[in-house]
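Report on the following structure.
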Amino acid sequence: MSLEKALAHSKAGMLAESVRLNTVASNIASANAESTNANDAYKAKKVVFSRVMNRTAGIMELKAVGVQESQAQHKIRFDPGHPMADENGYVYGSNVNTIEEMTDMQSATKSYETNALVVGSIKQMMNKTLQLGK
């Protein structure tokens, strides 16, 4: 594999992981959101990845191709005095699992860092190669 293709792989990985990190950040920020019904309550989002052919670089690369909403159960609590309570006294919270989100964030961060290290190593190899030609 050429160094340019390796750079393209790492770039694609970094872009995909940045989408995942932004999605996780949005989920964590909305973890405590409340609503008067389950349909309007915040739904956790998950990034959908796929292997896509990059015809320019001639490689298969990982790409974020969409975002899906979680179908997990929303947090429901009985609090008739709450301003967001429905006619039955229930308040609906998000379905964000903060432990799962923090784990996902750590995984995405490590993957991003690994790709960044690869890019740094490739740049060093390219510089050494250019110095050999002098």
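The values are calculated or read from the model by the stated rules, or taken from the named source; none is laboratory data. All values reported here derive from a predicted model rather than from experimental measurement. Backbone-built Cβ (ideal geometry, glycine too); neighbour counts: all protein chains shown.
If you take just the strands (runs of 3 or more DSSP E) that sit entirely in region 1-104, which of them hold at least 1 residues that are within 23 Å of the chain's Cα centre (by Cα)? In region 1-104, 45-54, 59-69, 90-93 are the strands (runs of 3 or more DSSP E) which contain 1 or more residues that are within 23 Å of the chain's Cα centre (by Cα). Only one of the numbered conditions (1) over 25 Å from ASN22 (Cβ atoms); (2) of a type outside the set (D, E, K, R); (3) modelled with pLDDT under 90 is not met by GLY89, and that is (3). On the given criteria, is ASN27 touching a helix residue (DSSP H, G or I) at 6+ places or on another chain (Cβ under 9 Å), in contact (Cβ under 8 Å) with a residue 40 or more places away in the chain, among the polar types (S, T, N, Q) and buried (at least 17 other Cβ atoms within 10 Å of the Cβ)? Yes. The residues of region 33-56 that are touching a helix residue (DSSP H, G or I) at 6+ places or on another chain (Cβ under 9 Å) and among the polar types (S, T, N, Q), listed by number, are ASN54, THR56.
Pairing residues of region 113-134 that are part of a helix (DSSP H, G or I) with residues that are among the charged types (D, E, K, R), at Cβ distances under 8 Å and at least 6 apart in sequence or on separate chains, gives ASN115/LYS11; ASN115/GLU17; VAL119/LYS11. Scanning region 97-121 for residues that are under 9 Å from GLU17 (Cβ atoms) and surrounded by 17 or more Cβ atoms within 10 Å (Cβ to Cβ) turns up ALA108, SER111, TYR112, ASN115.
ASP86 meets each of the listed conditions (1) touching a residue at least 24 places away in the same chain (Cβ under 8 Å); (2) acidic (Asp, Glu); (3) exposed (fewer than 11 other Cβ atoms within 10 Å of the Cβ) apart from (3).
Of note, GLN73 satisfies the criterion of being at pLDDT below 95, over 29 Å from LYS5 (Cβ atoms) and not hydroxyl-bearing (Ser, Thr, Tyr). Taking region 1-24 as the range and being of a type in the set (Asp, Glu) and either crowded, with 17+ Cβ neighbours inside 10 Å or at pLDDT 85 or above (or both) as the test, only GLU17 passes.
Criterion applied to GLU101, GLU61 was being of a type outside the set (Gly, Ala, Ser), more than 30 Å from ALA6 (Cβ to Cβ) and either in contact with a Gly (Cβ under 8 Å, 6 or more places away or on another chain) or touching a residue at least 60 places away in the same chain (Cβ under 8 Å) (or both), and the one residue passing it is GLU101.
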